[in-house]
Amino acid sequence: MAQAQLSLFGQNEAETYHDTSARGFFSLLVQWPTGKRQSSFPLEQMPTVLNAVDHRLDTWLSQAEFMRPNRRVVNLLRIGLLFADLDTYKMPWAQGRKPEELAAAITYFCQSEGIPQPSIMVYSGRGIQAKWLLERPVPRQALPRWNACQTHLINKLAELGADPGAKDASRVLRLVNTVNSKSGAVCRVVHVLEEGGLPIRYNFEYLAEMLLPVARWDIEKQKAERQQARLTVVNGGKVGNLRTFSGRQLAWDRLEDLRKLGQLRGGINEGERMRHLFWRLNFLLLSGATNSAQMYHEAAALSSELDTRWSYRSKELMTLYSKAKSYEAGERVEFGGKSFAPLYTPKNDTLINLFQISQQEQEQLKTIISTDEAQKRRRERDRLRDEERRRAAGQLEREAYEANSLSRQKPWEAMGTSRAKWYRLGKPSSQQNSETSPSPITNGEASAPALQAARYKAV
């Protein structure tokens, strides 16, 4: 690709995965002589802010966008790419190669391993940032699935020097056109995979199918089979109704439910803040969206969300930190003949009782609901599914059917006769005389009573 074209993409590299017309915030981390300083700005200010950056300073830019001016995964709003930070300077195969040669080697590796090629590759001054742009950003609700794709992508690129610690959604990467003080080199775009003159963008589901060990349709089929197996009748004729979730998705949804609960209640009372912080952080760790190294930073963001004036005591989270370390080490806890993760995995009833969640509040939550609420939602899903099936078969909606029904229109009243007599006369229309309505047998040649009399005489 021509150097002029690469330079053009380099000037706008950040805007290939950040929408400056959307709501939200981005963050900059700058290495000043006095230390690193982080600032967050509205997305609409990105062109102005990046133009004001001192390119002589080490500067890093957030890859994701956040709903608050705070670069923590609990504040994630959306993310428009997958990425890998490749420390090629540590790899023997990369020694002595120019940045463009490194990009060519990465392209060849992706082709040979069946990995989609990066949309953009950036030379960071020592290594390569590989980025896969998405057709549309992934929302916060899909973070566990995005994390799974990131994890498998980093694992596949491990032999190229992919940094396993640089895969979280809150990550910052070195900003294009700034100097890397460790090497003195300028961070720049070295390769763009074009489509129609622009960097190629991938459908997220396509990337997931290419990267994850099991294709999405296989996962859905397995889910359906497991769900069917669980729908066995128990005493009282009841069946299991709670949806099956992956463990990490369930943990993330429970975190979101607890945050929603705080909104429904207009805030959390002073005596309940630590309980909320503890369980929100527990589910955040279970979701895989953060780890023990980042736990206290995320805790600070969550505590500020509960009350900006509240300062929790970190020692109250020491037990949770210890369990998070055990969880990351792959340890398991044996209890009652079953194996559990070291972090807490409570049942819904436990959480409902712990937080005193009312029925009205449950109706607005996603996963922390009682069996009765789950049953009600299942019945509603079944009803909607049946309606869709009837519409697909060309059947009328019940309202339309009833509106056109005879019991609703009552044509016998328009003819001044009784319902029974109207049926006996062969359901004549209101325009016809009730005694002389045409018979479908005689095609109007004789009335129904006359036909009956003729038959009697013949006998």
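Nothing in this text is a laboratory measurement; each read-out follows from the coordinates by a stated rule. Source: prediction; values computed, not measured. As a convention, Cβ positions derive from the backbone with ideal geometry for all residues, glycine included, and neighbour counts pool all protein chains shown.
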- Other-chain or far-sequence residues with amide H under 5 Å of Phe83's (modelled H): Trp132
- Can you pull the one-decimal nm distance between simple spin-label points at Glu380 and Leu406, each 7 Å off the Cα toward Cβ? 3.8
- Shape of the range 1-211, Cα gyration tensor, a/c cut at 1.5: rounded
- Item | P(r) histogram, all alpha-carbon pairs of the range 325-382 included - 10 Å bins from 0, percent | 20, 34, 27, 18, 1
- In this structure, among Lys131/Lys366; Lys90/Lys131; Lys36/Lys323; Lys260/Lys315, pairs with alpha-carbon gaps over 28 Å are Lys131/Lys366; Lys36/Lys323
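Let me make sure I get this right: for the range 247-369, a, b and c are the square roots of the gyration tensor eigenvalues over alpha carbons, sorted descending. Under 1.5 in a/c it's rounded, otherwise prolate if a/b > b/c, else oblate. Which is it?
oblate
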